[in-house]
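Heads up: the structure comes next, in structure tokens.
The values are calculated or read from the model by the stated rules, or taken from the named source; none is laboratory data. Just so we're clear, the structure is a prediction, and the values are computed from it rather than from any experiment. Methodologically, a virtual Cβ is constructed for each residue, glycine included, from the backbone with ideal geometry; neighbour enumeration extends over all protein chains shown. Heavy atoms of the whole protein, side chains included, go into the accessibility calculation; ligands, DNA and RNA do not. Shrake-Rupley method; radii C 1.70, N 1.55, O 1.52, S 1.80 Å.
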Amino acid sequence: MHIQLAGEADTMRLGEQLALTLKPGDCIALVGDLGAGKSTLARAFIRAMADDEELEVPSPTFTIVQSYNLRIPVHHLDLYRLSDVSELDELGLDEMLKDGICLIEWPDIAAQDLPRDSLLTLQLEHSGTGRIAQLEGPARILDRLQRVLDIADFLGRAGHGTAKRRFLTGDASTRAYETILPQDGPNLILMDWPTPLKGAVIQDGKTYAEIAHIAQTPPAFIAIGNYLSGNGLSAPAIHAADIGKGLLLLEDLGREGVLDEAGNPIAERYLESVACLARLHALKTPGILPVDDSETYSIPGFDRAAMKVEVSLLIDWYLPWKRGSAASQDERDEYFAIWDDLIDQLAHSETNLLLRDFHSPNIIWRDDRTGAGKVGIIDFQDAMIGPTAYDVASLVQDARVTIRPDLSDALLERYLVLRRQQDATFDETTFRDTFAIMATQRNCKLAGIWVRLMQRDGKPGYMRHMPRTMEYLKAVLKNDRLSPLRDWLIKADIGIL
């Protein structure tokens with residue numbers, strides 16, 4: 001891969017782009033003559049990783065290594081003074097690469113001992129009045145860099161080619177996010193949504209994502225977001241989109257959430273959030289929404305297949321992890337028969353647009369707005385048409401933070417009061433029963449997801465939510481409609497009841 005660099009600014013920009021590219025275990029070998037720009041690039045890389053343009057980045061010429069405890073630990077090495085390759089073992093390069101990134105200047109002495117499967121060699125050369133960067137390395141790293149460069153091209157077409165870019169977050173899906181800092185105007189958010197690889201077929205020729213109606217491309221986000229904004233709710237405005245490449249440039253709603261500094265729920269903000277749901281659920285959402293002038297999006301229904309494939313996560317992942325053995329066929333048959341009956345009981349439930357993951361990570365508090373506008377909504381691309389009680393359950397039993405029983409009761413009562421005010425025919429009894437079934441369905445799904453994220457995806461951090469999920473599940477299982485499932489869980493002996 002060759003990249004033409006016009007001058008210092010482009011060299012620094014490449015360093016910042018590499019900071020968005022590399023992952024723990026990756027190693028960069030910086031090659032080039034004196035004055036070729038190695039130090040400029042290294043400094044820009046480290047400052048971008050630190051998100052601190054003023055960070056002091058001393059040369060490691062005399063210390064040999066300078067380490068930075070950042071989002072990903074970075075170790076900046078200069079091997080010019082290394083007299084023998086055996087000294088590399090003393091530095092502990094392998095240990096540095098376990099959870100960090102190594103940036104190595106003058107790597108020649110250790111060329112044969114660097115990790116070839118994770119080594120990106122970057123050679124800087126003078127070229128006319130500028131420079132040229134030549135990069136060689138594993139395809140997986142070069143593919144990541146190409147994605148970062150594609151985003152740079154997208155930003156350039158959107159009028160933000162010189163904006164600084166900083167990693168914001170990734171989530172449990174394939175999406176990742178950057179903060180875009182234009183030279184003028186407010187910050188923006190870049191949603192990087194590459195088309196995911198097709199998963200394993202598990203049923204009727206479909207993957208889990210297809211059965212569960214997990215959105216795979218940006219039109220879902222665009223259509224739902226525009227619908228929410230058009231009805232006075234605070235979804236991020238979309239400034240630019242490249243649907244083919246899976247890139248969206250969004251309004252930055254801010255970082256203020258609904259939790260206090262200690263991570264506890266702020267009651268006022270949760271009450272306003274549940275009021276926002278009441279307003280949304282009172283709307284009559286059409287099943288088909290426009291994406292643009294030529295494309296529409298059909299909102300999927302939260303159908304039987306979707307509900308059952310989600311609750312299958314408990315029996316497929318949680319149960320064998322907890323019990324140490326898989327469920328028998330009889331256990332599986334009984335479990336899904338119980339869910340078929342519970343789903344049948346939803347026939348008279350109110351259905352409308354449900355956002356699916358309306359809880360603290362996806363709510364931004366907008367203190368500069370009023371009413372429902374205070375509740376900024378993100379991560380709604382998987383929205384469906386289904387029982388509205390599902391969204392209420394996802395907030396009242398927030399999977400990421402413990403909601404005290406008194407606050408839980410207050411939130412549910414606030415919602416019901418508002419719905420009765422909106423519609424005198426609102427059926428509270430049916431809603432409460434639906435709430436119990438939907439909360440149970442969601443918690444069964446989550447229990448399996450936490451284990452799957454740990455075992456399949458190498459993300460054990462989500463397991464910290466398991467005790468809370470179990471407490472929520474125990475609470476809703478007290479509803480009489482859930483007694484067959486309650487009995488099954490006791491008999492299964494998996495530590496829930």
By residue number, the members of the range 409-425 that are in contact (Cβ under 8 Å) with a residue 40 or more places away in the chain and either within 21 Å of Gly263 (Cα to Cα) or open to solvent by 70 Å² or more (accessible area, probe 1.4 Å) (or both) are Ala410, Leu411, Arg414, Gln422
Within the range 315-371, the residues that are open to solvent by 70 Å² or more (accessible area, probe 1.4 Å), acidic (Asp, Glu), assigned to a loop (DSSP other than H, G, I, E, B) and in contact (Cβ under 8 Å) with a residue 40 or more places away in the chain are Asp367
Residue pairs qualifying under the 6 Å Cβ cut-off, at least six apart or on distinct chains, with the first in the range 230-255 being among the charged types (D, E, K, R) and the second being assigned to a strand (DSSP E or B), are Asp252/Leu188; Asp252/Ile189
In the range 118-148, anything charged (D, E, K, R) and either touching a residue at least 12 places away in the same chain (Cβ under 8 Å) or over 30 Å from Ile238 (Cβ atoms) (or both) is listed as Glu125, Arg131, Glu136, Arg140, Arg144, Arg147
Exercise. Would a scan of the range 8-17 turn up a residue that is part of a loop (DSSP other than H, G, I, E, B) and either without any contact (Cβ under 8 Å) to a residue 60 or more places away in the chain or in contact with a Gly (Cβ under 6 Å, 6 or more places away or on another chain) (or both)?
Worked result: no
Reported set for the range 96-146 where residues are modelled with pLDDT under 90 and among the basic types (Lys, Arg) is Arg116
Condition set aromatic (Phe, Trp, Tyr) and open to solvent by 20 Å² or more (accessible area, probe 1.4 Å), scope the range 35-93, selection nearest to the chain's Cα centre (by Cα): answer is Tyr68
If we keep only residues of the range 94-129 that are touching a helix residue (DSSP H, G or I) at 6+ places or on another chain (Cβ under 7 Å) and either charged (D, E, K, R) or more than 21 Å from Ile46 (Cβ to Cβ) (or both), then the residue most open to solvent (accessible area, probe 1.4 Å) is Asp113
Scanning the range 246-279 residue by residue, those part of a loop (DSSP other than H, G, I, E, B) and either of a type in the set (Phe, Trp, Tyr) or under 14 Å from Ile222 (Cβ atoms) (or both) turn out to be Gly246
Being open to solvent by less than 30 Å² (accessible area, probe 1.4 Å) and in contact with a Pro (Cβ under 6 Å, 6 or more places away or on another chain) narrows Val451, Val396, Val401, Val392 down to just Val401
In the range 133-147, anything closer than 12 Å to Leu5 by Cβ and open to solvent by 40 Å² or more (accessible area, probe 1.4 Å) is listed as Gln134
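Collect the residues in the range 81-112 that are in a helix (DSSP H, G or I), of a type in the set (D, E, K, R) and farther than 19 Å from Ile141 by Cα, keeping them in residue-number order.
Correct list: Glu87, Asp89, Glu90, Glu95, Asp108.
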- Using the structure shown, decide if Ile151 is out of contact with any His (no Cβ under 6 Å at 6 or more places or on another chain), in contact (Cβ under 8 Å) with a residue 12 or more places away in the chain, of a type outside the set (Lys, Arg) and open to solvent by less than 30 Å² (accessible area, probe 1.4 Å). yes
